[in-house]
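Data block below; observations after.
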Amino acid sequence: MKQEDSHSNEATSSLKDKTAKGLLWGMANNGATQLLNVVFGIILARILSQEDYGLASELAIFSAIAAALQESGFISALTNRKNATHVDYNSVFWFNISVSAFLYVVLWFCAPLIVKFFGDPELLWLSRYAFLGFFFASFSITPRAILFKQLRVKEQAIIGVIALLVSGIVGITMAVCGMSYWSIVTQAMVYVTVVSILSWKYSGFRPSLHFSLQPIREMFGFSCKLLITNIFNCINNKLFTLVFGYFYTKKMVGTYDQADKWNKMGSQLITGMVQGVAQPMFVQVGDDQERLQRAFRKMLRFTSFIAFPALFGLALVAKEFIVIAVGEKWLGSAEMMQMLCIAGAFMPITALYFNFLISRGRSDVYMWNIIAQGLVMLAFLVAVKQFDWTFVLHTSLVSFCLSDVRLMVVCYVSIYILWLLIWHAFLKREIHLSYLNAIKDVLPFALIAAATMLVTGFLTRSIENIYLLLALRVLMAAIIYLIAIWLSGAKIFKECVSYLQKK
């Protein structure tokens, strides 16, 4: 019995170490990735116009849906599959290639319909060119599944950084040469191509002609739910692009896209780090409810500790950042960015919830939640657009700032945050974690981060130099938040410091 306990403790310690290393490498990867995204994003935004970004954004949803169809949820299915064999990986590989080729042909012939929906003739050949990207990406799905399942976050970090460097240089070169929106589309295509090549190199996967439909059939019940979910996720993420593209101008689409891009960069820094380890870690923990609850709560505290100051801080400096980074022509994006960053702070937490449910095989819960959330958001956005707010604007000083576009963003943010209550209801069934305990894990960090930004904003309100204002707000907010966290005695902060000191 002692020997078994010793073995169990060693396994637990090993998993903790792998998870900590995964988070550390995930932080390094996402930090480097977002830094490069910031640099390339700033350069491109200064060269290109709102219309260029708007045109490229109108295609993004179709590429994203096609990418979800080609992947079909098999990365998560292979991760959950115990003792996956070469036949399993090989079968998924050939299935993805076949589906992607078929989808590209379908989208080629659908290009005129896309042009008709948005009313932009330039989209005809641009879309046919852009859709090549998801076909190239299909070659990386199986190698990436291997790296993800084995928690090889270091290799994934190297792949992501190299792909960003190469694609960013290509995109900027084309933009400087006057190739406008073609540079944005080409940058995305080069990125997925480099990812595919390097994923093969690091995973060691080599396909063979030994193909079997049996593994596909066995995993399809689980993966098809993820497939449907991923499609709706794409629609949810690009909901504003569709609505703005249909009701408003390309400039409005570009303005929103710029705000959303910077918000997503900030939230993805933490979301990517969490998603890199969460599902495989929960799978390896097993079925012990007590261990699962402890593991989830620790991850929840860690995610909250990082996410709230990062995204609330980004909201605080949104105006200064936009003006300094990409110029005053994008100033309209700053206000949208501030509102979106509030939802962005909760995105990594939501990702933690659905990764846990996926690790428990509950792809059905994930699917229906995403579908319901998307339908509710769409209903609110359309209702806001259809309702005549002109009367309200002329009769209420309180409602003066609530134009239909701003109100759409407010509705989106509110629904996204409140939907966490529904995510938790399903998680509670799995590990019996009460709402009160979850709130105790999240709320202190949210309140401290919000108070930090309010104090920082108040103390720096009289500074007129925009460069000095940005620098002081970032520095002051970081110092105040860390001091407040240290004085509060947050255990997760001490554990993070202790681990970094050991390494």
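Bear in mind these aren't lab numbers, they're just calculated from the coordinates by the rules spelled out. Small disclaimer: the values here were computed from a predicted structure and weren't measured. Glycine gets a Cβ as well: all are built from the backbone with ideal geometry, and neighbour counts include every protein chain shown.
Full extension of the chain between Ile422 and Thr173 yields a length gain of 85.0 nm, computed as 0.36 nm times the residue separation minus the alpha carbon distance. About the centre of its Cα atoms, the stretch 125-224 shows a dipole size close to 200 debye [charges on the beta carbon of Lys, Arg (+1) and Asp, Glu (-1) only; nearest 20 debye]. Summing +1 for each Lys or Arg and -1 for each Asp or Glu among the other residues whose beta-carbon sits under 13 angstrom from that of Pro348 gives +2. Lysine pair count for the stretch 409-503 (Cα-Cα distance under 17 Å; residues 8 or more apart in sequence or on different chains): 5. Under the simplified labelling scheme, the Arg406-Asn83 pair shows an inter-label distance of 6.2 nm, with each label point 7 Å from Cα along Cα→Cβ.
Nearest 20 debye, what's the magnitude of the dipole of the stretch 237-358 about its Cα centre given +1 on Lys and Arg Cβ and -1 on Asp and Glu Cβ? Write down the numbers at each step before the final one.
Details: 12 positive and 8 negative charges, 15 e Å.
Dipole of the stretch 237-358, to the nearest 20 debye: 80 debye.
Among Cys341, Cys411, what is the fewest-to-most ranking by other Cβ atoms within 10 Å?
Numbers: Cys341 24, Cys411 17.
Final ranking by Cβ density, sparse to dense: Cys411, Cys341.
A Cβ-based charge dipole, computed about the Cα centre of the stretch 259-304 with Lys and Arg at +1 and Asp and Glu at -1, lands at about 200 debye.
With K and R counted +1 and D and E -1, the other residues having a Cβ less than 12 Å from that of Glu335 yield a net charge of +2. The Trp368 and Glu495 beta-carbon pair, evaluated with R₀ = 41 Å, returns a calculated FRET efficiency of approximately 0.70. Each other residue within a Cβ distance under 10 Å of Thr241 adds +1 if Lys or Arg and -1 if Asp or Glu, for a net charge of -2.
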